[in-house]
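**Q** Quick one: the structure is below, and I'll ask about it shortly.
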Amino acid sequence: MKRNNTSELKQLLVSLVGNTPFGIITIGFHGEITMINQQAADLLGIEVQVSKVLGQSVLKYFKVESHFYQSLSEMLTSGRKSMDISLEPFDDKYLSIRIRPFINGLLITLEDITDFAKSSKQLRKRKEELEFKNNELEQFAYIASHDLQEPLNTVRGFIKLIKLKGMESIPTEYQGYFDHIEQSSERMSSQLTGLLEYSRIGKHGDKEEHQINSILNEVRDDLKTHLDDTRAVLEWAEMPIVNGVKAELISLFRNLINNAMKYVEKDVIPKVEVGYRALEGYHEFVVKDNGIGIDSPYHDKIFVIYQRLFNKSQYPGDGIGLAHCKKIVELHGGKIWVKSELGKGSAFYFTIER
Ligand code: ADP
């Protein structure tokens, strides 16, 4: 019975070693191969019968300069008994190699991880390319917005000078043009400032824990004049502590609350409500208003930089606030969206990773 059990166990072991997708090698303390399965021989490109390599040094099948060769030689001399090597390039393959102590020696398992290694290499390369492009774009936006301000300031300076000193020498039918040039250059300047701020999002420091309650109090202070002028009501419920960049969280709430007060019918007292609920892995906030609402075809477009639904004379603005919000939310691992119908107010939702 006992003998039967032992022979069954032996059979099981032989079958496991023969059928596992892993290459298995056992070696003695001097590196000599005591057992090797066909899979290991195939992975190492050993073309002779496996029984012929018994007693040979396993090091013979690895290049002297390889990480495995050097680590194993070191292990054999130092007496260390376990080691993991991932991504050992082996000809056109990548192997993951594990070494563990075994009866009278060491057990080496080899796994072909070429597909995984190639796809993670491609992903890493793609990520690096994207980061590079992103950086380049941000730098471009920064330089463009920063450097274009200077010539624009010169234009604005000369227009002011002409309006102050040289208007009488300009025919009256042309004098109005100067107002247009002045307004356009003011507008361009404010758009460039917005773009500059946009390119700086993400560079305001590290994330820390902040009480949203105090962030909202700061926003209320910033918007005090506007709140007083419009007699707007701004309310919020119990707010959580959030891990984020303070200046960016302030800018996010300020933009949304400012819009909520701005886009209302004349003579309507703005009512703005900030709500919160905790979700699995996320904080979800909502800024609701009783304003003019947004028609559904524009629900996505409004988050794109410079997209506006009105001209400046109806509602002032540069069309950059919601693009700011989107970038801030995404840098905080969340999403932003709007639920709204024309004439029925809007609710801007956004999430932040916990
Ligand atoms: P801006 O307010 O400077 O135009 P935003 O990027 O903040 O820029 O908003 C883009 C557009 O989205 C606005 O021009 C407006 O048409 C629309 N919008 C934003 N917030 C609201 C809101 N609370 N209610 C109605 N429309 C809004």
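**Q** Looking at the structure I just gave you, is V48 surrounded by fewer than 12 Cβ atoms within 10 Å (Cβ to Cβ), of a type in the set (V, I, T) and over 41 Å from the mean Cα position of the chain (by Cα)?
**A** Working: surrounded by fewer than 12 Cβ atoms within 10 Å (Cβ to Cβ): yes; of a type in the set (V, I, T): yes; over 41 Å from the mean Cα position of the chain (by Cα): yes.
When the stated conditions are applied, V48 passes them.
**Q** Taking the condition within 32 Å of the chain's Cα centre (by Cα), assigned to a helix (DSSP H, G or I) and free of Cβ contacts under 8 Å to residues at least 60 places away in the same chain, does E131 pass?
**A** Values: within 32 Å of the chain's Cα centre (by Cα): yes; assigned to a helix (DSSP H, G or I): yes; free of Cβ contacts under 8 Å to residues at least 60 places away in the same chain: yes.
When the stated conditions are applied, E131 passes them.
**Q** Restricting attention to region 242-272, which residues are within 11 Å of the ligand (Cβ to nearest atom), among the hydrophobic types (A, V, I, L, M, F, W, C) and out of contact with any strand residue (DSSP E or B) (no Cβ under 7 Å at 6 or more places or on another chain)?
**A** V264, the sole residue that qualifies.
**Q** Looking only at region 323-354, count how many residues are within 10 Å of the ligand (Cβ to nearest atom), within 16 Å of D295 (Cα to Cα) and at pLDDT 95 or above.
**A** 6
**Q** Turning to a different aspect of this structure: Restricting attention to region 273-317, report how many residues are away from the ligand (no atom under 12 Å from the Cβ) and aromatic (F, W, Y).
**A** Residues flagged as away from the ligand (no atom under 12 Å from the Cβ) and aromatic (F, W, Y) within region 273-317 amount to 3.
**Q** What are the pairs, 6+ residues apart or on separate chains, where a residue within region 221-242 that is free of Cβ contacts under 8 Å to residues at least 12 places away in the same chain and among the basic types (K, R) has its Cβ under 9 Å from a residue that is surrounded by fewer than 17 Cβ atoms within 10 Å (Cβ to Cβ) and in a loop (DSSP other than H, G, I, E, B)?
**A** Matching pairs, first to second residue: none at all.
Here is a yes/no grid of residues against (1) buried (at least 17 other Cβ atoms within 10 Å of the Cβ); (2) under 22 Å from the mean Cα position of the chain (by Cα); (3) within 25 Å of E238 (Cα to Cα); (4) among the basic types (K, R):
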{"site": "R277", "(1), (2), (3), (4)": "no, no, yes, yes"}
{"site": "Y306", "(1), (2), (3), (4)": "no, no, no, no"}
{"site": "Q314", "(1), (2), (3), (4)": "no, no, no, no"}
{"site": "S340", "(1), (2), (3), (4)": "yes, no, yes, no"}
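**Q** Related question: If a residue must be among the charged types (D, E, K, R) and more than 11 Å from the chain's Cα centre (by Cα), how many such residues does region 316-331 contain?
**A** The number of residues fulfilling the criteria is 2.
The values are calculated or read from the model by the stated rules, or taken from the named source; none is laboratory data. This one's a predicted model, so the numbers in the text were calculated from it and none came from an experiment. Here the Cβ is made from the backbone with ideal geometry for all residues, glycine too, and neighbour counts use every protein chain on show.
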